[in-house]
1. Let me know the shape class of the range 24-65, please: from the alpha-carbon gyration tensor, a ≥ b ≥ c as square roots of the eigenvalues, rounded when a/c is under 1.5, otherwise prolate if a/b is greater than b/c, or oblate.
2. For residue 92 and residue 35 in the same chain, what is the full-extension length gain: residue separation times 0.36 nm, less their Cα-Cα distance, in nm?
3. Rounded, prolate or oblate: pick one for the chain, where a ≥ b ≥ c are the square roots of the eigenvalues of its C-alpha gyration tensor, a/c under 1.5 means rounded, and failing that, prolate if a/b is larger than b/c, else oblate.
4. Quick one: angle between helix 2-103 and the longest Cα principal axis of the chain, in degrees between 0 and 90, rounded to 10, please.
5. Jot down the per residue volume, in cubic angstrom and as a whole number, of the convex hull over the alpha-carbon atoms of the range 48-106.
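Only the coordinates and a few stated rules stand behind these numbers; no lab work does. Remember, predicted model here, so these are calculated numbers, not experimental data.
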């Protein structure tokens with residue numbers, strides 16, 4: 001009877017060892033899967049950051065180019081107006097000087 005009890009205890013301990021080892025293996029697999037998942041997510045996050053940064057840079061470059069072209073257009077328009085204004089004043093002053101020369105005022 002004692003032998004049977006001891007045998008049952010030994011079997012129970014063996015079963016407990018088997019269950020413990022299985023649980024440890026399962027826990028290790030879960031840890032490994034979690035580490036792999038975290039590593040994969042970190043790599044994907046880096047790719048996403050690069051993509052967002054690239055998009056932001058491209059958007060900023062396009063906005064800068066658009067602003068440059070707008071400023072260039074505005075400057076060309078202003079320059080054309082100034083040329084016209086200076087041309088009119090030049091013609092006016094040239095006529096005035098020519099009139100003075102003819103009148104002998106100069």
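1. Since a/c reaches 1.5 and a/b is larger than b/c, the shape of the range 24-65 is classed as prolate.
2. Values: separation 57, 0.36 × 57 = 20.52 nm, distance 8.43 nm.
Between residue 92 and residue 35, full extension yields 12.1 nm more.
3. prolate
4. Value to nearest ten degrees: 0.
5. On the way: hull volume 3.0 nm³, N = 59.
Hull volume normalised by residue count: 51 Å³.
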